[in-house]
Amino acid sequence: MDPGLLEQIVKKISQEYNASQIHLYSWGEPFLHPQLAKMVAIAQSSGAQCFLSSNLNITHNIKEVLNSNPYCLRVSVSGFTQPVYSRNHIGGDIEMVKDNLTQLSAVIRTKRLQTQIHIYYLRFKYNLHEEKAMHAFARKLGIGFHPVWALFIPIEKVLSFADPNSGETDLSESDRQVIKNLALPLDKALEVCRNYPLTCPMRDGLITLDILGNVLLCCSVYDNSRFTIAPFLSSRPEDLRMLKVKHPFCSQCMKHGIHTYETRGAWECDEIAAQNIDPEFAKSLSFRWERVKKTIYYKIIPNELRQQAYDLYARLVKF
Ligand code: SF4
């Protein structure tokens, strides 16, 4: 995206939306953008928190980017050693990621910058034995660590899996291999997610834009040619909301619980994943503590306070 376009978008966001966050990524690697530091500064000028998510194999202009003071930088990984990491991060180099993380955390410490960095560990069946090593590495650097069950995306493919008669393209052999490697089995996760409410945080609480400033249905669909709904700059917030609410793809997605699977997940998902993985790992990873946190989140905190509680927790654990 051109910085001039982002400036216009941010101006409209400040005037017409009550946005607390701007995420400068969607299906892409933000550090490929030659003017990322400028983009971060523009996003931050709106008063919203600026989030970046990277695989950190590339760090063009990293110091300038950090000087622009993004609120949060997430680094996604899927293993601690190269043979394991490269199964999902194909073509990536985990030693380079670790080097980059080491340098970044040193810059943040010495310059006393405010950016929160965390490692986002995608759990597959084959990488659980390396999670503790990555957690220890994060602790050593003084950065956050957040493990999650890897999910299958985009939604078009999940729909093809959930309903082979949906008209979506058939899954490829490599898609099926990814599904087989998920620690949280897709079929069982969807089974429980189908029982969750017909509201979608991505539809109701997020606006996803492409590089030309067009609004997409959400950030979990992939095909822009099908899911571009309107140009952002010339659309009113209420019109965008109606276009999304009436979109026929959302009812298909919700019918199969895909919106819950791709966003907040179902309460039962941890239990399902724990039963699917090696019991030794299920015991050794910090599931009990994760369970306590989720009990507080889902069963004790009232619905209307969950976002604030989540933000506070994220701040505390550098997530
Ligand atoms: S219902 Fe599904 S397709 Fe629609 S916005 Fe939510 S996640 Fe995206």
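Couple of notes before you dig in:
- Residues I58, I153 arranged by fewest to most Cβ contacts within 10 Å: I58, I153
- Beta-bridge orientation, the chain: approximately 25 percent antiparallel, per DSSP, counting only bridges with both partners inside.
- As a size descriptor, the averaged projected area of the C-alpha convex hull of segment 26-103 was calculated at 5.1 nm².
- Couplings 3J(HN,Hα) for segment 191-198, derived from phi with the Karplus relation 6.51 cos²θ - 1.76 cosθ + 1.60 (θ = phi - 60°), are 4, 7, 5, 4, 8, 9, x, 8 Hz, where x marks Gly and Pro.
- Dipole magnitude of segment 1-150 about its Cα centre (Cβ charges: Lys, Arg +1; Asp, Glu -1), debye to nearest 20: 460
- Cα→Cβ-extended label distance, 7 Å offset, between K255 and S284, nm: 4.4
- Between the residues T169, L198, T59, the greatest Cα displacement towards the positive end of the dipole of the chain, with unit charges on the Cβ of Lys, Arg, Asp and Glu, is found for T59.
- Cα centre as origin, Lys/Arg/Asp/Glu Cβ charges: the chain dipole, Debye: 1080
- FRET efficiency, 1/(1 + (r/R0)^6) with R0 22 Å, evaluated for N57 and R139 via beta carbons: 0.45
- Cα centroid of segment 70-131 to Cα centroid of segment 208-269, whole Å: 29
- Local charge for N67 was computed over the other residues whose Cβ lies under 13 Å away, with Lys and Arg +1 and Asp and Glu -1, and equals +3.
- Prolate/oblate/rounded label for segment 1-150 (Cα gyration tensor, a/c 1.5): prolate
- Three semi-axes describe the equivalent ellipsoid of the chain; taken as square roots of 5 times the Cα gyration tensor eigenvalues and ordered largest first, they are 28, 28, 20 Å.
- N224 paired with I90, simple spin-label distance in nm, labels 7 Å along Cα-to-beta-carbon: 2.2
- Rg/Rg_ref, segment 152-285, where Rg_ref = 2.2 N^0.38 Å and atoms are Cα: 1.16
Laboratory data are not the source of any read-out in this text; all were calculated from the coordinates shown. Predicted model, so just to flag it, every value in this text is computed and none were measured. When we count neighbours, we look across all protein chains shown, and the Cβ atoms used for this are built from the backbone with ideal geometry, even at glycine.
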